[in-house]
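Every read-out reported here was derived from the displayed coordinates using simple, explicitly stated rules and does not represent laboratory data. Bear in mind the structure is a predicted one, so any value in this text is a computation, not a measurement. Positions of Cβ are generated from backbone atoms using ideal geometry, with glycine treated the same way; all protein chains shown enter the neighbour counts.
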Amino acid sequence: MRLILLIFLGGIASFAQTNYSISGVVQSEGEVLPYASIYLEGTTKGTTSNEAGEFIITNMKPGSYTVVASYTGHTTSKKMVTITNKNYRVNFNLLAGESLDEVVITGTLKPVSRLESPVPVEIYTAAFFKKNPTPNVFEALQNVNGVRPQLNCNVCNTGDIHINGLEGPYTLVLIDGMPIVSGLSTVYGLSGIPNSLIEQVEVVKGPASSLYGSEAVGGLINVITKLPENAPIVFADSRINTWGEWNLDAGFKTKVGEKATLLFGTNYFKYDKPIDNNNDNFTDVTLQDRISIFQKWNFKRPDNRTFSLAGRFFYEDRWGGEMNWNKRYRGGDEVYGESIYTARYELIGAYQLPVTEPINFQFSYSDHDQNSVYGNTPYLAQQRIGFGQFIWDKTIKNHDFLVGAAIRYNYYNDNTTATVHPDEIAIPSLFVQDEIDFGKKQSLLVGLRYDYDKRHGNIFTPRLAYRFKPTDSDIIRLNAGTGFRVVNLFTEEHAALTGARDVIIEEALKPEQSYNVNVNYLKKLYTTSGMQFTFDTSAWYTYFTNAILPDYDTNPNQINYSNLQGSSTSKGISLNVDAVFAAGISASVGATWQDVSQKEHGIRTKQILTESVSGVWSVSYKNYPTHLTVDYTGNLYGPMRLPLLSHLDPRAEYSPTWSIQNIQVTFDGLKNFDFYGGVKNLLNWTPNKGNPFIIARADDPFDTNVQFDSNGNVLPTPNNPYALTFDPSYVYGPNQGIRFFFGLRYKLR
């Protein structure tokens, strides 16, 4: 009996010594990952996470193990654990959208593994943008290396997006792959895309003209919205800040019948509290009342063929100006204000033809109506853009062909003297590319696009991309191509409409042409402790002929436009490093050096409003027991040359090195809810610091007391000692200082 008892107790002791467990949570940048795969490398033991992202592997013996966590669309993470005499807990934070195997579309116009794409494509997920929440896509891009949202006016706060130092018109913005954001909407239509509906944003730096046409000279940004089946059942995100700005994103998805799924979303933004912290009697930030309504339909078809349809309506009422302005002064010369009413409709669709070959038809249409006044100068404009293309994807042995035919219709009319008759044109296009697979390590893509523009004749834009993958975690890419761009000054150059400078078009403007080459190297590193590092570096060189750049220098009271009698170049180097550390810490940092200049008559000058160096960073820490996440984000910009009005202008010719930094704390301890809050612009930096004023002649916006000589030059007077006219174009950063914000997210899956 005693022997039996000893055996029994020994068995219990033995069981107690081996019945340990490994448990934890699998997340991705603050969101749990249900049904992630977790297993022990080299064994048959494994499990999946539950709906809360939690997992447990039981019946573990003491020893050392490698725990592997994986999830579709995310990096795979490995961590070494050693079990001695207690249960072990290990948490995983998988990096979303940073996997080499992530599927991208933008670089080649078809879904392809990021690992296999010959074109370098940067991916930014919804989780990335949540680290520094903003009310629109325009502001959200401020933390992307080499991409800068540029404000063009201190009064109405309109802007565009620069890539690698090139002005906004060189950047093509797509929504779900369709080029519907251009011209007027480049300046006024980038707001109002609900961030809650964004699946990811893909960025291509460098020319993509052979696939997307003449506007993709400097690069492109593709905003990809969520598929209805992947979206939450109900979602809402609302926040407010101490400046009185209020933003709401809300929506839902539902099935309509047996074959259709609908995703509905809306964005509403309101700011109606005039603030003048720099004491110039002008609003520091434009007042806005904006609504955007979005719908996306997906339809089930035989053989999983694609059919989707999306539409958006956008309306905005914005104004900035003197603090005592109201709508009764609109268009008059008593009190200065810039008031813009914008109404916009968009339609996007994709349909796979019911044939055996994979042929897709994609189409889009946008209608943009703008009613605006800049002081007493009205600007009434309408723009309609229609686009359609057929794409045939065909693989023959080691050749992957993509053949397409497209047509773009553009209608533009305004009340300026530059548009005596409406500008209406249809541009047909043909394009073909062949991606040749030379095995696992090498591929070559060659492409050519042909456009016919009746104003300029035949246009050819070739393209070449080479990919070399010496190892599974190293990729080298070489891209080269040409670009072609037709300029519409009044839709692209805000300075042509505001202030007192005269716009002088010196000649019939010829189209710009560009030649570009860039080299990209991407490296992935994994450590046995579960840390992951991604190094992504690029060098580029772009050469322009017939460049059309605004000349602010020849006559400070004019903006002169002509084809550059010389050349313009953009060159630079960028580096991104992304890292996931143990204990819930992840970080990314990026830096860019660039030189954008033009050479004419042997004299080289730097481009105005273009920084030489820039940097971005983000650091995130997730404390799992408290359900708290801390995000610290920021950007830094080096000096840029600024537009002065005369040699007497007392403002600085170059901006200082400046930085905007933010911090956010998120609590996700309640099911379906996230609470978040923080501080934006921690350093309380604004561009008026160190300058006597930002807006020239803010006390005389209609130039009532400005005197001119017989040649039209401004004379210095006791009332105007610096010989200035009213001008709000001296702008390089936001006027909005430090502010606190608080928000709430709800998501039901």
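Can you list residues whose amide H is under 5 Å from Asp703's amide H, if they're 5+ apart or on another chain and H is modeled 1.01 Å from N?
Phe726
Can you tell me the dipole magnitude for segment 224-748 around its Cα centre, using point charges on the Cβ only (Lys, Arg +1; Asp, Glu -1), in Debye to the nearest 20?
Dipole about the Cα centre, nearest 20: 2220 debye.
Please name which of Pro692, Leu575, Val613 has its Cα lying farthest along the dipole of segment 556-707 towards the positive end, using unit charges on Cβ (Lys, Arg +1; Asp, Glu -1) and the Cα centre as origin.
Of Pro692, Leu575, Val613, it is Leu575.
Give the distance, in whole Å, between the Cα centre of segment 281-322 and the Cα centre of segment 325-357.
When both Cα centres are located, 10 Å separates them.
Among Leu445, His399, Trp297, flag the residue with its Cα farthest along the positive direction of the charge dipole of the chain, charges on Cβ as +1 for Lys/Arg and -1 for Asp/Glu.
With unit charges placed on the Cβ atoms, the residue in question is His399.
For Ile224, Ile348, Ile738, which order do you get if you count the other beta carbons within 10 Å of each Cβ and list the fewest first?
Fewest-to-most ranking of Ile224, Ile348, Ile738: Ile738, Ile224, Ile348.
Please get the size of the charge dipole for segment 18-93, origin at its Cα centre, with Cβ charges of +1 on Lys and Arg and -1 on Asp and Glu, quoted in debye to the nearest 20.
400
Can you tell which of Phe264, Ile436, Ser196 lies farthest toward the positive end of the dipole of the chain, using +1 and -1 charges on the Cβ of basic and acidic side chains (Lys, Arg; Asp, Glu)?
Selected residue: Ile436.
Leu448 to Glu334: extension gain in nm, 0.36 nm per residue of separation minus the Cα-Cα distance?
Between Leu448 and Glu334, full extension yields 35.5 nm more.
Given axes a ≥ b ≥ c from the Cα gyration tensor, I'd like to know whether segment 18-93 is rounded (a/c under 1.5), prolate (a/b larger than b/c) or oblate.
Verdict is prolate for segment 18-93.
At 0.36 nm per residue, and after removing the present C-alpha to C-alpha distance, how many nm does the segment from Trp246 to Lys523 gain when stretched out fully?
Gain on stretching Trp246 to Lys523: 95.6 nm.
Once phi is turned into θ = phi - 60°, what whole-Hz ³J(HN,Hα) does the Karplus curve with 6.51, -1.76 and 1.60 give for every residue of segment 143-157, x standing for Gly and Pro?
9, 9, 4, x, 10, 9, x, 10, 6, 10, 7, 6, 9, 9, 6
Under 5 Å between amide H atoms, partner at least 5 residues away or on a different chain: which partners does Lys510 have, H built in plane at 1.01 Å?
When sequence neighbours closer than 5 places are left aside, the close amide H contacts are Asn563.
Please report the net charge: other residues with Cβ closer than 9 Å to the Cβ of Ser308, K and R +1, D and E -1.
0
Between segment 374-423 and segment 562-613, what's the alpha-carbon centroid distance in Å?
28
Along the Cα→Cβ direction, 7 angstrom out, place labels at Leu670 and Ser567. What is the inter-label distance in nm?
Those two pseudo-labels are separated by 6.2 nm.
Tilt of helix 2-18 relative to the longest C-alpha principal axis of the chain, in degrees (0 to 90, nearest 10)?
That helix lies at roughly 10 degrees to the long axis.
From the list (i) 28.1, 122; (ii) 26.9, 84; (iii) 28.9, 117, can you say which value of Rg and Dmax of the Cα atoms in Å was derived from the structure given?
(i)
Whole-Hz Karplus ³J(HN,Hα) for segment 610-621, in order, using 6.51 cos²θ - 1.76 cosθ + 1.60 and θ = phi - 60°, x for Gly and Pro?
9, 6, 7, 9, 8, x, 9, 7, 8, 10, 10, 10
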